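Report on the following structure.
The values are calculated or read from the model by the stated rules, or taken from the named source; none is laboratory data. Being a predicted model, the structure only gives us computed values, none of them experimental. So basically every Cβ, Gly included, is an ideal-geometry build from the backbone, and we count neighbours across all protein chains shown. For accessibility, only protein heavy atoms count, side chains too; no ligands or nucleic acids. Shrake-Rupley method; radii C 1.70, N 1.55, O 1.52, S 1.80 Å.
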Amino acid sequence: MTLPAFQETFDRIRGQMAKVVVGQEELVFGLLVAAVAGGHVLIEGAPGLGKTLVARAFARVSGATFKRVQFTPDLMPSDVTGSNIFDRQGGSFTFVPGPIFCQLLLADEINRAPAKTQSALLEAMQDRQVTVDGSSRPLPAPFVVVATQNPVESQGTYPLPEAQLDRFLVKLTVTDPPREVEQRIVKNHATGFDPTDLSALAAVTSPEELATMSAFASRVHVDDAVVGYVVDLARRTREDRAIELGASPRASIAMMKAAQVVAASEGRTFVTPDDVKAVAKPVLRHRVMLHPDAELQGIGADDRIEDILRAAPVPRAATAVQAAHGVA
């Protein structure tokens, strides 16, 4: 794959999704960056803001096999992973795969299920396999989890464990649209748009091409100075007095991978500090835990990350440009 081909495919996917996902450009971009980077996505927002629609639209335009699991308090881990069922005729147990055996899994309202059920995704998200009764089974490639959740203040929700949160490459937040955007959405429905019918969307790429894009993005040059900047941002979250639990080295890796995709999407063969800044909040916001005192003062994770971005020394962009030799 060439850089122009990467850009063209990236823009084609984004443009196709924009036909049904109105006014959520940052959400669409963030989801696409994470998927190409080989990561999983957590989307948080109040009901009715298009969280499930964007996941279904991406599955449609990417040609990926798609399954949706509605997470509820009574959902069991085996309902997600599958289980061994005794076959009376054959006199043996047969494994019946669960919905997790797909390329794009929509874990809808994931924080309405207890931790026991949420943990069923841990191995799948990290190792791309599922172990049931001692037998491990690989998942299809590529494998992406898009999870939606309501704000933790919502009734009937459970907070996601730190280990679960850390496996999401990015956390994207959805807010109420501006008045003019909401007016366009309502007008679309008035003229017959049906969000349950996405047949008008074309499959403009394939899972195989997404895998090729991922491999291409992983070869985008990252200068040592930019690597140092990425690590510095993550380490500053561990040293910040308002943050009780900072980001792990996994966050540094996620930041670098996401920045590589952003750079390639903008037609560059090297990563700049601005690419890192563009992905810092989505990558870090769900990986930091604030001190209770900071929360009482109304300080949010994005506020602290913004302060860290302002305080961290930025390497000169020229260094990255001069050191870049293109994609290996």
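Would you work out what percent of the accessible area of the chain, with all protein chains in place, is carbon or sulfur (probe 1.4 Å)? Before the final figure, lay out each step's value.
Numbers: 8130 of 15490 Å².
After summing per-atom areas, the C and S share lands at 52 percent.
Tell me, what is the per residue accessible area of the stretch 170-240 in Å², probe radius 1.4 Å? Walk me through the numbers before you get to the answer.
On the way: 4030 Å² over 71 residues.
Spelled out: the 1.4 Å probe surface of the stretch 170-240, per residue, equals 57 Å².
Could you list which residues have their amide H under 5 Å from that of Phe270, counting only those 5 or more apart in sequence or on another chain, with H placed in the peptide plane?
Placed amide hydrogens put His221 under 5 Å from Phe270.
Pulled fully out, how much extra length does the chain show between Asp307 and Thr72, if you take 0.36 nm times their separation in residues and subtract their Cα-Cα distance? Please report the intermediate quantities before stating the final value.
Details: separation 235, 0.36 × 235 = 84.60 nm, distance 3.71 nm.
Additional length available on full extension: 80.9 nm.
For the stretch 48-99, give the magnitude of the charge dipole about the Cα centre (Cβ charges: +1 Lys/Arg, -1 Asp/Glu; no others), in debye to the nearest 20. Show your work: numbers first, answer last.
Numbers: 6 positive and 3 negative charges, 66 e Å.
Value, rounded to 20: 320 debye.
What whole number of Å gives the distance from the Cα centroid of the stretch 158-189 to the Cα centroid of the stretch 83-105?
For the stretch 83-105 versus the stretch 158-189, the Cα centre distance is 34 Å.
Counting every Cα pair in the chain, what percent are over 38 Å apart? Write out the running numbers ahead of the final one.
Numbers: 8779 of 53628 pairs.
Counting every Cα pair in the chain, those more than 38 Å apart make up 16 percent.
Report the charge-dipole magnitude of the chain in Debye, nearest 20, computed about the Cα centre from +1 at each Lys and Arg Cβ and -1 at each Asp and Glu Cβ. Walk me through the intermediate numbers first.
Details: 33 positive and 38 negative charges, 96 e Å.
The dipole of the chain has a size of about 460 debye.
Using a simple spin-label model with points 7 Å from Cα along the Cα→Cβ vector, what separation in nm is obtained for Gln183 and Gln89?
It is 6.3 nm.
Within the set of other residues whose C-beta is less than 12 Å from the C-beta of Ile305, count the net charge using Lys and Arg as +1 and Asp and Glu as -1.
Working: positive: Lys171, Arg236, Lys277, Lys281, Arg285, Arg287, Arg304, Arg310; negative: Asp240, Asp302, Asp303, Glu306, Asp307.
Net local charge, Ile305 excluded: +3.
Convert each backbone phi in the stretch 83-97 into a coupling constant with the Karplus relation 6.51 cos²θ - 1.76 cosθ + 1.60 (shift: θ = phi - 60°), then list the ³J(HN,Hα) values in order as whole Hz, x for Gly and Pro.
The phi angles translate into 7, 8, 10, 6, 9, 5, 5, x, x, 8, 8, 10, 7, 9, x Hz.
Helix 25-36 sits at what angle to the longest principal axis of the chain, using alpha carbons and giving 0 to 90 degrees rounded to 10?
Approximately 80 degrees, to the nearest ten.
Using helices alone, I'd like the mean residue ellipticity at 222 nm for the chain: each DSSP H run of four-plus residues gives -39500 (n - 2.57), total over residue count, nearest 500.
Values: 15 runs with 149 residues, N = 328.
Rounded to the nearest 500, the figure is -13500 deg cm²/dmol.
Take the Cα gyration tensor of the stretch 147-259, multiply each eigenvalue by 5, square-root it, and list the three semi-axes largest first, rounded to whole angstrom. Each step should come with its number before you reach the end.
On the way: eigenvalues 232, 120, 43 Å².
Its equivalent ellipsoid spans semi-axes of 34, 24, 15 Å.
Around Val132, which amide H atoms from residues at least 5 apart in sequence, or from another chain, sit under 5 Å from its own amide H, with H modelled in the peptide plane?
Hits under the 5 Å cutoff: Arg137.
Need the full-extension length gain, Glu266 to Asp232, defined as separation in residues times 0.36 nm minus the C-alpha distance. One decimal, nm.
9.8 nm
Picking from Val220, Val22, Val262, which is most flexible by a Gaussian network model of the chain using Cα springs under 10 Å?
Maximum fluctuation in the GNM of the chain, among the listed residues, is at Val22.
His291's amide H: which non-local residues (gap 5+, or another chain) put their own amide H closer than 5 Å, with H modeled 1.01 Å from N in plane and none for Pro or chain starts?
Here the answer is Ile243, Glu244, since their amide H atoms fall under 5 Å of that of His291.
Using +1 at the Cβ of each Lys and Arg and -1 at the Cβ of each Asp and Glu in the stretch 27-105, identify which of Phe29, Thr81, Phe101 lies farthest towards the dipole's positive end.
Going by the charge dipole, the pick is Phe29.
Per-residue HN-Hα couplings for the stretch 120-137, Karplus 6.51 cos²θ - 1.76 cosθ + 1.60 at θ = phi - 60°, whole Hz, x for Gly and Pro?
5, 8, 4, 5, 4, 6, 8, 9, 6, 8, 10, 10, 10, 6, x, 10, 9, 10
Just subtract the alpha-carbon distance of Ala163 and Gln126 from 0.36 nm times their residue separation and send over the number in nm, one decimal.
That pair, Ala163 and Gln126, stretches by 12.3 nm at full extension.
Restricting to Cα atoms and excluding each atom paired with itself, what does the Kirkwood estimate give for the stretch 205-313 in Å?
Working: mean 1/r = 0.0686 Å⁻¹.
Result for the stretch 205-313, one decimal place: 14.6 Å.
Keeping every protein chain present and rolling a 1.4 Å probe, give me the accessible area per residue for the stretch 1-133 in Å². Each step should come with its number before you reach the end.
Details: 5550 Å² over 133 residues.
Per-residue value: 42 Å².
If you place +1 on the Cβ of every Lys and Arg, -1 on the Cβ of every Asp and Glu, and leave all else neutral, what size is the dipole of the stretch 97-168 about its Cα centre, to the nearest 20 Debye? List each step's numbers first, then the result.
Details: 5 positive and 8 negative charges, 34 e Å.
Result for the stretch 97-168 is approximately 160 debye, rounded to the nearest 20.
For the stretch 153-229, run through the chymotrypsin sites (Phe, Trp or Tyr not before Pro) and keep only the ones in DSSP coil with at most 15 other Cβ atoms within 10 Å of their Cβ.
Passing sites in the stretch 153-229 are Phe193.
Separation between the Ala211 and Asp176 pseudo-spin-labels, each 7 Å from Cα along Cα→Cβ, expressed in nm?
Roughly 4.5 nm, to one decimal.
Specify the longest stretch of the chain that does not include any exposed loop site, a site being one of the trypsin sites (Lys or Arg not before Pro) with a non-H, G, I, E, B DSSP assignment and at most 15 other Cβ atoms within 10 Å.
Details: sites that count: Lys19, Arg88, Arg128, Arg219, Arg241, Arg316.
In short, 129-218.
Select from Ala18, Ala163, Ala35 the residue whose mean-square fluctuation is largest in a Gaussian network model of the chain (Cα-Cα springs shorter than 10 Å).
Of the options given, Ala163 has the highest mean-square fluctuation.
Rank Asp166, Asp303 by accessible area, highest first, at a 1.4 Å probe radius?
Values: Asp166 30, Asp303 80 Å².
Per-residue accessible area, sorted high to low, gives Asp303, Asp166.
Can you give the convex hull volume per residue for the Cα atoms of the stretch 200-258, as a whole number of Å³?
Details: hull volume 7.5 nm³, N = 59.
Value for the stretch 200-258: 127 Å³ per residue.
Between Val186, Val69, Val144, where does the largest GNM mean-square fluctuation fall for the chain, given springs only between Cα atoms within less than 10 Å?
Val186
How many angstrom lie between the Cα centre of the stretch 112-152 and the Cα centre of the stretch 219-251?
Distance between centres, Cα-based: 26 Å.
When we measure straight from the Cα of Lys19, which lysines land under 29 angstrom away, once same-chain ones fewer than 8 places off are left out?
Lys51, Lys67, Lys171, Lys187, Lys257, Lys277, Lys281
If you take the beta carbon distance between Asp133 and Thr196 as r and set R0 to 45 Å, what does 1/(1 + (r/R0)^6) give as a FRET efficiency, to the nearest 0.05? Could you put the intermediate results ahead of the total?
Working: r = 37 Å, r/R0 = 0.82.
With a Förster radius of 45 Å, E is 0.75.
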